[in-house]
Amino acid sequence: MLVGNKIDKENREVDRNEGLKFARKHSMLFIEASAKTCDGVQCAF
């Protein structure tokens, strides 16, 4: 599983599409999360 973290930040190093593409290429699940806002955190675990 690949988790894109810090999705609450405006200037992201890796955007959602790039993360999805990488995860698919490597046969991984992909989820985005933010510890700051708690978005997606429960889904990752």
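Checked against (1) exposed (fewer than 15 other Cβ atoms within 10 Å of the Cβ); (2) out of contact with any Ser or Thr (no Cβ under 7 Å at 6 or more places or on another chain); (3) touching a residue at least 24 places away in the same chain (Cβ under 8 Å); (4) among the charged types (D, E, K, R), Glu32 passes all but a single condition, namely (1). The set of residues in segment 7-25 being more than 8 Å from the chain's Cα centre (by Cα), in contact (Cβ under 8 Å) with a residue 12 or more places away in the chain and either over 18 Å from Phe45 (Cα atoms) or assigned to a loop (DSSP other than H, G, I, E, B) (or both) consists of Asp8, Phe22.
Residues in segment 9-27 that are of a type in the set (D, E, K, R) and loosely packed, with under 14 Cβ neighbours inside 10 Å: Lys9, Glu10, Glu13, Asp15, Arg16, Glu18, Lys21, Arg24, Lys25.
Bear in mind these aren't lab numbers, they're just calculated from the coordinates by the rules spelled out. Note that the structure is a prediction, hence the values are computed from the model and not measured. Quick reminder, even Gly has a Cβ in these numbers, built from the backbone with ideal geometry, and neighbours come from all protein chains shown.
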